[in-house]
Amino acid sequence: MDDEEDLRDTVAVILEAEDFDVVVCGTASEALERLDWGDVDVAVVDLRLPDLDEMTLLERLSDFSDVIPLIIHTGFSSYESAKEAINWGAFAYVEKAGDPEELVRHVRRAIHRHLVQRAHDLEEAVAQRTQELKTSNDSLRRIQADLARAQHIAKLGSFSWEVSSGVVTWSDETYRIFGVDPDETVPSFEVAKSLIYPEDFELWSNALSQAVESGDWFDCEHRALRPDGVVVWIRNEAEIFRDENGNAVGLFGTAQDITERKVAEEKLQSSAKRFRALFEQAGDYCMILDPNTEDGIPIIIDASQSAYTMHGYTREEFVGRPVADIDDAEGRRLVKQRTRQIMTGKPFYVENTHVRKDGSFFPVGVHANRIDVEGEPPLIFTTEYDMSERKVLEQKLRHTQKMEAIGQLAAGVAHEFNNLLCGILCNVDVLLNEKPGTLPPEIQLALEDVRSCGRRGANLTKQLLTFSRQKAPDVSPIDINTVIRGLDRIIQQMVTDRITLDFQLDPELPSGKADRGKVEQAIINLARNAGDAMPDGGTLSVHTTCEQLDESRVSSFEQASSGCFVKMSIADTGCGMTSEIQKRIFEPFFTTKPIGQGTGLGLSTVFADVTHMGGGVEVESEVNEGTVFHIYLPTTGSVTNDS
């Protein structure tokens, strides 16, 4: 750069003759702009330019001295100016009046040094870039190795599919999952299809087709059949890529081996099924309760079908209900206290009364235990059983034991009393058998009263002995209708003429298996009681029919079995009985008659005799509405018509 055009052109010619490419500039601004471009290897500069003073120009040129060698070419040289230029970073200082070869020599030197510096910088840049690439490659290899290890640990391979070209890629883990050797198999869509388990192919194909056609995500769990015959479970997930027209162009996804999870799920489902079967088929009612409630009253969170059915609910109505809802008043009062006892972890048992949805009550025995599940709040597991049948059996047992005790007592008393009566009656008979007129009339009447009382006592003794002996009945097929007709006159004589008899006998009645004498005694006892209940008259009805009774119906009969029964109903229209009296009418020596008019053995004897014959007795009565006794006797199954 020089402001003298002739000199500037001369220098340019000299340098071009040496095969240098020369760019000439006439002003400082033009020269500095050119240097900013960065395509200059060496600059030959005149410090005296018209648009910038020398010191400012040197300062501006110093910004380029580290990159571009600067040769100061001036016609106004001095030692100070040369020193100043060198201090500002000039490569050389050449006078215009000097030998042109000197300028050429300095240019060559400057270019040489510049090229050497550029070569050095390039080597350093190459070395640095090489190191960076090596580091990047090492990092990439580590990442790839970590990815491969991660895929192997997770059993999660990756794959891609380019729809247009059909090119498929698999990761190493994908090869391993499908049991395929990467050195022997080139992955393709056809290879993938061939590995799908035959029974799952339609599921996999439909899911993939739907995703490619209209979706953006492919998700499918299916089985794969490996070349070695091993069946594995695969979870496929992939993202669908589409072009600007919405057409699927490819997908990238994962294939995960979920065989262990599936096996665990199958085991869990099998375990759950076994638990549910045990839960449902256990002989007792099972419930699981959650005691972790704000009010301290456990909530029913699961229940067997027998449990909610027994209480009259559906499962939806039962589960979620506070357990106090199925307790009676006493159970509700104690539910929190009992819950605290159960949560101590000690075995718990209680006999309680539960309430059905319809409001009816039934007794239950409850076993309860605390259940501790790791990581979850404790629960309560209960097994309950209906104690209704047990309570009935216990009541029957107590009744049987009481009857046995009463029978033993009655037999002892009757035996001793009979001995006393025998002596009394024998002596009275001796005295009364004297010649007429021997005894004074008043003594005669007194002895006859003694004999009458003695005979009544003997009759009572006979009843006591009959009740206590419990002799096995002489059971044989009999026609109950014939027995009733045979007692027609006796019954008519027992009751007043104000009582009307009404016999309605089933002509198709099968034969009953019973002791004829005991049946006659039962009819007479019931007819006598019916007459006593209607002092002002009424109707005494005797009806017969046949009924089929199942196990639930005969459960209240002590010795009966389900089947066909002859039903004999003896009804009156008398005063009836209260429910309290009905509960005791079959107890020995219980009577509602005035003292001296009833022994309390009639109904207890009827009950015992009918029970021993394999039948049962039921009573229906309302105060002032009359009473009906139903006697059930087992049948032979055939009709005996000897009317």
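A few comments on the model shown:
- Remark on Ser158: its backbone amide H falls under 5 Å from those of Ser171, Glu173, Thr174, Ala255, a criterion applied only to residues 5 or more positions apart or on other chains, H modelled at 1.01 Å from N.
- Normalising the average separation of contacting C-alpha pairs (under 8 angstrom, six or more residues apart) by the number of residues puts the relative contact order of the chain at 6 percent.
- Evaluated with a Cβ-only charge set (Lys, Arg +1; Asp, Glu -1), the chain carries a dipole of roughly 7920 debye about its Cα centre, given to the nearest 20.
- Inter-label distance for Arg118 and Glu294, nm, one decimal - labels placed 7 Å from Cα along Cα-to-Cβ: 8.4
- Average accessible surface area per residue within the chain, 1.4 Å rolling probe, Å²: 58
- A dipole drawn for the chain from +1 and -1 charges on Cβ atoms has a positive end, and of Gly345, Leu549, Met387 the residue lying farthest that way is Leu549.
- Summary of packing: across the peptides 32-38, 608-614, 554-560, the per-residue average of other C-beta atoms within 10 Å ranks them, highest first, as 608-614, 554-560, 32-38.
- Altogether, the Stokes-Einstein calculation at 25 °C and 0.890 mPa s, with the Kirkwood radius of the chain over Cα pairs as Rh, returns a diffusion coefficient of 63 µm²/s.
- Sequence-ordered 3J(HN,Hα) estimates for segment 210-227 from the Karplus curve with 6.51, -1.76 and 1.60 and θ = phi - 60° stand at 5, 5, 5, 6, 9, x, 10, 8, 10, 9, 7, 10, 8, 9, 10, 9, 6, x Hz, glycine and proline given as x.
- Within the accessible area of the chain (1.4 Å probe), percent carbon and sulfur: 52
- Given their separation in residues at 0.36 nm each and the Cα-Cα distance between them, Arg274 and Leu420 gain 45.2 nm when the chain is fully extended.
- Cβ-Cβ FRET estimate between Gln444 and Ser476, R0 fixed at 41 Å, reported to 0.05: 0.30
- Charge sum, other residues only, whose C-beta stays under 12 Å from Val566's C-beta, Lys/Arg counted +1 and Asp/Glu -1: -2
- A simple rule links phi to the HN-Hα coupling: the Karplus curve 6.51 cos²θ - 1.76 cosθ + 1.60 with θ = phi - 60°, which for segment 618-627 gives 10, 10, 10, 7, 9, 4, 6, 10, x, 9 Hz, with x for Gly and Pro.
- With R₀ set to 22 Å, the beta-carbon distance separating Phe241 from Arg142 gives a calculated FRET efficiency near 0.20.
- Spin-label model, Asn369/Thr353: points 7 Å from Cα along the beta carbon direction are separated by 3.0 nm.
- The order of the peptides 102-110, 419-427 by mean Cβ neighbours within 10 Å, most packed first, is 102-110, 419-427.
- Electrostatic tally near Leu540: other residues with Cβ closer than 10 Å to its Cβ, Lys and Arg +1, Asp and Glu -1, net -2.
- Axis of helix 5-17 versus longest Cα principal axis of the chain: the two differ by about 80°, to the nearest ten degrees.
- Each label was represented as a point 7 Å from its Cα along the Cα-to-Cβ direction; for Arg109 and Trp217 these points are 7.5 nm apart.
- Helix-only mean residue ellipticity at 222 nm for the chain, each DSSP H run of n ≥ 4 adding -39500 (n - 2.57), per residue, nearest 500: -15000 deg cm²/dmol
- Length gained when the stretch Ser360-Asn427 is fully extended (0.36 nm per residue, less Cα-Cα span): 17.8 nm
- Protection proxy ranking, peptides 44-54, 373-383, average beta carbon neighbours within 10 Å, highest first: 44-54, 373-383
- For the pair Thr344 and Glu316 in one chain, pulling the backbone fully straight at 0.36 nm per residue adds 7.0 nm over the alpha carbon distance.
- In this structure the amide hydrogen of Ala514, modeled in the peptide plane, comes within under 5 Å of the amide hydrogens of Ser476, Ile478, none closer than 5 places in sequence on its chain.
- Residue (of Ser270, Ile424, Asn245) at the positive-pole extreme of the chain, dipole from beta-carbon charges: Ile424
- For segment 160-165, 3J(HN,Hα) computed residue by residue from phi via the Karplus equation (6.51, -1.76, 1.60; θ = phi - 60°) reads 9, 9, 9, 4, 5, 8 Hz, glycine and proline entered as x.
- Which of Tyr308, Gln559, Gln521, positive extreme of dipole for the chain (C-beta unit charges): Gln521
- Only the Cβ atoms of Lys and Arg (+1) and of Asp and Glu (-1) were treated as charged; on that basis the dipole of segment 472-634 about its Cα centre amounts to roughly 380 debye.
- Using R0 = 35 Å, the C-beta based FRET efficiency linking Phe252 and Glu132 works out to 0.75.
- Summarising the amide proton neighbourhood of Cys546: residues at separation of 5 or more, or on other chains, whose placed amide H is nearer than 5 Å comprise Lys567.
The values are calculated or read from the model by the stated rules, or taken from the named source; none is laboratory data. Remember, predicted model here, so these are calculated numbers, not experimental data. Virtual Cβ from ideal backbone geometry, glycine too; neighbours counted across all protein chains shown. Only protein heavy atoms, including side chains, enter the accessible area calculation; ligands, DNA and RNA are left aside. Shrake-Rupley method; radii C 1.70, N 1.55, O 1.52, S 1.80 Å.
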